[in-house]
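Working notes, structure below.
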Amino acid sequence: MDQIIEFFKHLISPEWIIQHGGLYLILGIIFAETGLFVGFFLPGDSLLFVAGIYGEELSASFFNMPFVVVMALIAIMGILGNMVGFWFGKKSGPLLFKRKDTFLFKKKHLWQAKEVFDKYGAGAVFIARFLPVVRTFTPIVAGIVNMERKKFMFWNVVGSVAWVFSMMLAGHYLNKAFPNLKDHLEWIIIIIVVITTLPVIIKLVFGKTTIHAHFDEFGNPIETPAEKEEIKS
């Protein structure tokens, strides 16, 4: 049990992931964090930023592929993760709202993702990429409300590329500008986590959710004509 706990501690450490798992582990984590509800606790923003800092090492360890190819592969995994979440939402979404909360599943995360979806429509798939936890559940909600597949894929691709490239390029070029950046990774990760999760935490603590108004007692989505038009427009 102690070994399992220690492993999970490592999984939320971007530096450990890069040094011990390399690109392959990064690909797996990005896939899980962007589409599997059990991966909501995994690092996303901080992992990509630190991966940008270690960009040259990652490229060298992966057949000396150009850094842009490494970023493209990670973006593809983000796209595939969202596709799995979308499919899961279509097939099993209503059942999730009847499921009891567990350590790895909280219905409040679905409610929060649904509120973002209600506010931004189809663009929520793009915006959610930059919001921890929300990005894990938004594709599932998109599947639950039967978002048009082509519209979902457009925002899925654009969002994944924008998220991955912006975070990794930021880490890559900041490391070039400040060569000692690796000596302060702990503080950098803390700052990124605080900045990216603060809006989510504020919403959870102080915000009010109206998600119950959008689902019936069986967990099936209830859509008004206006909501349907917004989703498909």
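Suppose the filter is modelled with pLDDT of 80 or more and not basic (Lys, Arg); does Phe215 pass it?
Details: modelled with pLDDT of 80 or more: no; not basic (Lys, Arg): yes.
Criteria not met by Phe215.
Would you mention how many residues in the stretch 50-82 are out of contact with any helix residue (DSSP H, G or I) (no Cβ under 7 Å at 6 or more places or on another chain) and either on the phi < 0 side of the Ramachandran plot or open to solvent by less than 30 Å² (accessible area, probe 1.4 Å) (or both)?
Of all residues in the stretch 50-82, those out of contact with any helix residue (DSSP H, G or I) (no Cβ under 7 Å at 6 or more places or on another chain) come to 56-57, 60, 63-64, 68-69, 72, 76.
From what is left, the residues that are either on the phi < 0 side of the Ramachandran plot or open to solvent by less than 30 Å² (accessible area, probe 1.4 Å) (or both) are 56-57, 60, 68-69, 72, 76.
Looking only at that region, the number is 7.
For the stretch 39-98, enumerate the residues that are among the β-branched types (Val, Ile, Thr) and over 12 Å from the mean Cα position of the chain (by Cα). Spell out how you get there, then give the answer.
At the first step, the residues of the stretch 39-98 found to be among the β-branched types (Val, Ile, Thr) are 50, 53, 68-70, 74, 76, 79, 84.
If the condition is that a residue be among the β-branched types (Val, Ile, Thr) and over 12 Å from the mean Cα position of the chain (by Cα), then Val50, Ile53, Val68, Val69, Val70, Ile74, Ile76, Val84 are the ones that fit.
Filtering the stretch 30-55 down to residues that are aromatic (Phe, Trp, Tyr) and part of a helix (DSSP H, G or I), which residue is nearest to Phe165 (Cα to Cα)?
Phe49
Criterion first (in a helix (DSSP H, G or I) and either at pLDDT below 85 or farther than 29 Å from Ala142 by Cα (or both)) does Ile79 satisfy it? Quick ask: steps written out before the conclusion?
Working: in a helix (DSSP H, G or I): yes; either at pLDDT below 85 or farther than 29 Å from Ala142 by Cα (or both): no.
So Ile79 fails the test.
Within the stretch 174-211, how many residues are buried (at least 16 other Cβ atoms within 10 Å of the Cβ), farther than 17 Å from Phe41 by Cα and modelled with pLDDT of 80 or more?
Matching residues across the stretch 174-211 total 2.
Take the conditions open to solvent by less than 30 Å² (accessible area, probe 1.4 Å), modelled with pLDDT of 90 or more, of a type in the set (Ser, Thr, Tyr) and within 15 Å of the chain's Cα centre (by Cα) and apply them to Ser160. Does it pass?
yes
Find the residue count for the stretch 89-113, including only residues that are at pLDDT below 80, open to solvent by less than 10 Å² (accessible area, probe 1.4 Å), closer than 14 Å to Gly143 by Cα and not aliphatic (A, V, I, L, M).
Selection size over the stretch 89-113: 1.
Quickly run through the stretch 18-35 and pick out the residues that are surrounded by 18 or more Cβ atoms within 10 Å (Cβ to Cβ) and within 20 Å of Ile79 (Cβ to Cβ).
Residues of the stretch 18-35 surrounded by 18 or more Cβ atoms within 10 Å (Cβ to Cβ): 18, 23, 26-27, 29-35.
Of everything in the stretch 18-35, those that are surrounded by 18 or more Cβ atoms within 10 Å (Cβ to Cβ) and within 20 Å of Ile79 (Cβ to Cβ) turn out to be Leu23, Ile26, Leu27, Ile29, Ile30, Phe31, Ala32, Glu33, Thr34, Gly35.
The values are calculated or read from the model by the stated rules, or taken from the named source; none is laboratory data. These numbers were taken from a predicted model, which means no experiment stands behind them. Every residue, glycine as well, gets a Cβ built from its backbone with ideal geometry; the counts of neighbours run over all protein chains shown. Side chains included, ligands, DNA and RNA excluded: accessible areas come from the protein's heavy atoms. Shrake-Rupley method; radii C 1.70, N 1.55, O 1.52, S 1.80 Å.
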